[in-house]
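Working notes, structure below.
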Amino acid sequence: KHCVKLDNRTANVTVKPFELDVGFQFELHVTVSGKKINVSEIPELPIPKDWMRDKLELHFYKTEQAAGGGEIKNVTYNKGSGTAVITFLKPG
């Protein structure tokens, strides 16, 4: 419980946990080739293009720990065709 002062009044409030429904789950189809991978069938989501580019970069960077992925040089995302090209700094 907390006591919050608003103008000249005091309000007693209680904090309750809640769950945010902001996540998206989708399947990617990937073709791997040296330093680049082609990703296709990326679903169109109601998020800005740069957010999707960031999500792809983070996903493929994080997969480095799972024997694949690594440091990203560039992500080229085409929202219209639902495709992306991920370029890594080192081949793997």
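The values are calculated or read from the model by the stated rules, or taken from the named source; none is laboratory data. Everything numeric in this text was worked out from a predicted model, so none of it was measured. Here Cβ is always computed from backbone atoms with ideal geometry, including for glycine, and neighbour counts include all displayed protein chains. We work out accessible area using only protein heavy atoms, side chains counted, and drop any ligands, DNA or RNA first. Shrake-Rupley method; radii C 1.70, N 1.55, O 1.52, S 1.80 Å.
Spin-label model, Asn38/Thr87: points 7 Å from Cα along the beta carbon direction are separated by 1.6 nm. Rounded to the nearest 10 square angstrom, Leu6 shows an accessible area of 100 square angstrom against a 1.4 Å probe. The simple spin-label model puts a point 7 Å past each Cα toward its Cβ; for Val4 and Leu45 those points are separated by 3.0 nm. Residue by residue, region 44-51 carries 3J(HN,Hα) couplings of 7, 10, x, 10, x, 4, 5, 5 Hz when phi is fed to the Karplus relation 6.51 cos²θ - 1.76 cosθ + 1.60 (θ = phi - 60°); x denotes Gly or Pro. Set the Förster radius R0 to 25 Å, insert the Cβ-Cβ distance between Asn74 and Gln25 as r into 1/(1 + (r/R0)^6), and round the FRET efficiency to 0.05. Here the calculated transfer efficiency is 0.50.
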